[in-house]
Structure formats: structure tokens, C-alpha cells
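Peer 1: I'd like to ask some things about the structure below.
None of the figures in this text is laboratory data; all of them are computed from the coordinates on show. As the structure is a prediction and not an experimental result, all values here were calculated from the model. Reconstructed Cβ throughout: ideal geometry from the backbone, glycine too, with neighbour counts over all protein chains shown.
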Amino acid sequence: MLIECIAKVSGTVETAISNDVYVFRHDAHGRLVCDVDREEHQAAFLSLTGVYRAAEAVSDPAPSAPLETPAVSEETGAPAEVLADTLEGKTWDELAALYEAKFDRKPHSKASLATLIERLTA
């Protein structure tokens, strides 16, 4: 069963039940999902209403654009300047990966998409 984490978090979510670790990752629709096979673990996740739920089937998959690898400066090894129009429509996680590659540190978890784009293009 595909379980969705609906808690407001950024990045992936790792949850351990017994000796199993479940990693919830973003799918093509931006949902944090994980395939949970064991019925008792499914019941444990679904008992936490407001945090997890059964993921609804999606009839037409969203188009997934591959994350573009930015040009890298030979001097610093950091990505070269990025144009703002190439960042529009990217997810927070995609922008965070570009930010980390450019500044060699993760952005603040509460940074908005606009803030990430502004800093990446500065």
C-alpha cells in the first residue's frame, strides 16, 4: 500500500517501525510517499491521522522534468550564475539542491521559493 506523509516537512521523512525503516520521498506529483507492504505497519501509519494517509491513485502522471545540472565554475567548483526564468516551476527540493551546490550549505528550511530563486540568481 502506498502511504503518503501529509505533515508539513521539507525533504524526505524517515520513520522506523520495529526493525524496518520507511523513507518517504517526493513522487512526480510532489507528494511524500512510501510503499508499505506489512499490514501491521500500514495500520500504524494510518492510525496517525493528520500525519499519514493512504495515497490516492493518480490517473495521469505529472510530467517530470529532469533536474538541470548547472554549469560549474572551474575556479571555485560552484555553479555559475543561474537565470531566474530557468528556476520558475522548480520544486523547493530542486531549488534547495541547486542552492547547496552553489553555496556549499543547505538553505534554511523555512526559506520560500522566491527567496531561494532570489539568492540563486544574485
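Peer 1: For the stretch 85-122 and the stretch 4-30, compute the distance between their C-alpha centroids and round to whole Å.
Peer 2: Going from one Cα centre to the other spans 21 Å.
Peer 1: Measuring from label point to label point, each 7 Å out along Cα→Cβ, what is the Ile17 to Val51 span in nm?
Peer 2: 1.1
Peer 1: Then there's this: Once you place label points 7 Å from the Cα toward the Cβ at Ala44 and Glu118, how far apart are they in nm?
Peer 2: Computed distance between label sites Ala44 and Glu118 equals 4.3 nm.
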